[in-house]
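Here the structure is laid out as structure tokens; the discussion comes afterwards.
Read the figures in this text as sums done on the coordinates, not as results from a lab. The structure displayed is predicted, hence computed values, not measured ones. Cβ placement follows ideal geometry from the backbone for every residue including glycine, while neighbour counts extend to all protein chains displayed.
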Amino acid sequence: MKKLVFAALAAFVLISNMAVAADSVAYVNMPRVLQEMPQKDEIGNILKREFADRVEELKRLEGEMQGIVQKAQKDGALMGENEQIALERQLEGLKSQYELKKKALEEDNRRRQADERNKLLLQVQDAINKVAKAEGLAMVFNTNALVYAADNTDITDKVIAELAKTK
């Protein structure tokens, strides 16, 4: 009889611990957080301003190249051979300059986007930590790691609200 009571008591303690543990678990929809966080648009604008001069330089080079091509088409028959060769060399020089600047811009832009994305991920992690501590959560999972979760364990909106505070 003692063993039966002890086993029942142990089962009750185990089940109650599992219930408490289940209540201290939540999930967050990271793609939605990253899409809806207010800082995302701000970062896009910062990067756009940061690279605006270089984008304008590329547009200027494109315009110059188009002007040379149009001049060659329009006046090519009237030009001497030396003028045509000089125009072709000028066009080739502009093309190589354009390609070099374009490649450098793309690499720098990609690097800066990665830097800013890492900063955003740190902000998201901080917001998740704050919400988890405030809610008394033991674990927070990403939706990608879940097979099923009840709606009442979703803290995505709370994380987005926390990020809006830190904007």
Total Lys pairs in the stretch 27-100 closer than 23 Å by alpha-carbon, pairs eight or more apart in sequence or interchain only? 7
Once you've got the GNM for the chain with C-alpha springs shorter than 10 Å, pick whichever of 55, 147, 33 has the biggest mean-square fluctuation. 147
Per DSSP H run of n ≥ 4, the term is -39500 (n - 2.57); total these for the chain, divide by its residue number, and report the mean residue ellipticity at 222 nm rounded to 500 deg cm²/dmol. -27000 deg cm²/dmol
Result row for the chain, helices from DSSP H with C-alpha axial extent 20 Å or more and mean Kyte hydropathy at least -0.5, is 2-23
Highest-fluctuation residue, 105, 47, 91 considered, GNM on the chain with Cα pairs under 10 Å: 91
Note down the magnitude of the dipole of the stretch 24-165 about its Cα centre, charges +1 on Lys and Arg C-beta and -1 on Asp and Glu C-beta and zero elsewhere, to the nearest 20 debye. 260
Computed from these coordinates, which is P(r) over Cα pairs in 10 Å bins from 0, in percent: (1) 8, 22, 16, 14, 12, 10, 8, 5, 2, 2, 1, 0; (2) 8, 30, 34, 21, 6, 0; (3) 10, 41, 37, 11, 1? (1)
